[in-house]
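The values are calculated or read from the model by the stated rules, or taken from the named source; none is laboratory data. Because the structure is a prediction, the values reported are computed rather than measured. All Cβ positions, even for glycine, are placed from backbone atoms using ideal geometry, and neighbour counts span all protein chains on display. Note: accessible area is taken over every heavy atom of the protein model, side chains too, but ligands, DNA and RNA are not part of it. Shrake-Rupley method; radii C 1.70, N 1.55, O 1.52, S 1.80 Å.
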Amino acid sequence: MQVRIATPEETEKLSQLSVSVGNIPFLRDQSVIALLEDGKEMVGFAAVQNAQHAAGSWVKEPFRKQRWSYQLRHCLDSELRRRGFAVYFALPSNDFEKHLFAKYGMVTEHLAQVRQL
């Protein structure tokens, strides 16, 4: 048995496995993956991924329903892309927060909501 860090080239294959077992996809150059191998067979992994956490949003009542929240989120998305982040996530605590985060665009639903940029 051997434990080692996966190479960036192995990330895509491991990402497919991760998704197939119910985890989020791994992003090349943003993931660090430890592999457990039995000979040449991979028998386990643990991974972390660089991502930003959606920490909240707010618009004063008279300015709501004018698409300002979309402009704010678009500005954040653009800045995160510029900094090299390809994903951010939220940990919604209720259905309203889930809906709010999802309405900004495509998200992958899990316990945490993940938005690919």
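Values for this structure:
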read-out	value
25 °C / 0.890 mPa s Stokes-Einstein diffusion coefficient of the chain, Kirkwood radius on C-alpha pairs, µm²/s	153
Estimated FRET transfer efficiency when R0 is 35 angstrom, pair SER78-ARG4 (beta carbons, to 0.05)	0.45
The range 27-117, accessible area per residue, ligands and nucleic acids excluded (1.4 Å, Å²)	72
Under 11 Å from the LEU117 label point (7 Å along Cα→beta-carbon), backbone N, the range 16-60	51-53
Debye, to nearest 20: dipole size of the range 56-95, +1 on Lys, Arg Cβ, -1 on Asp, Glu Cβ	180
Carbon + sulfur, % of accessible area of the chain - ligands and nucleic acids excluded, 1.4 Å	57
Order of exposure, largest accessible area first, which applies to SER18, SER78 with probe 1.4 Å	SER78, SER18
Angle between the chain longest axis and helix 68-82 axis [Cα atoms, degrees, rounded to 10]	30
Value at 222 nm in deg cm²/dmol, rounded to 500, when DSSP H runs of n ≥ 4 in the chain each add -39,500 (n - 2.57)	-8500 deg cm²/dmol
Proportion of all alpha-carbon pairs of the range 1-53 beyond 17 Å (%)	31
Candidate residues ARG115, ARG83: accessible-area rank, largest first, probe 1.4 Å	ARG83, ARG115
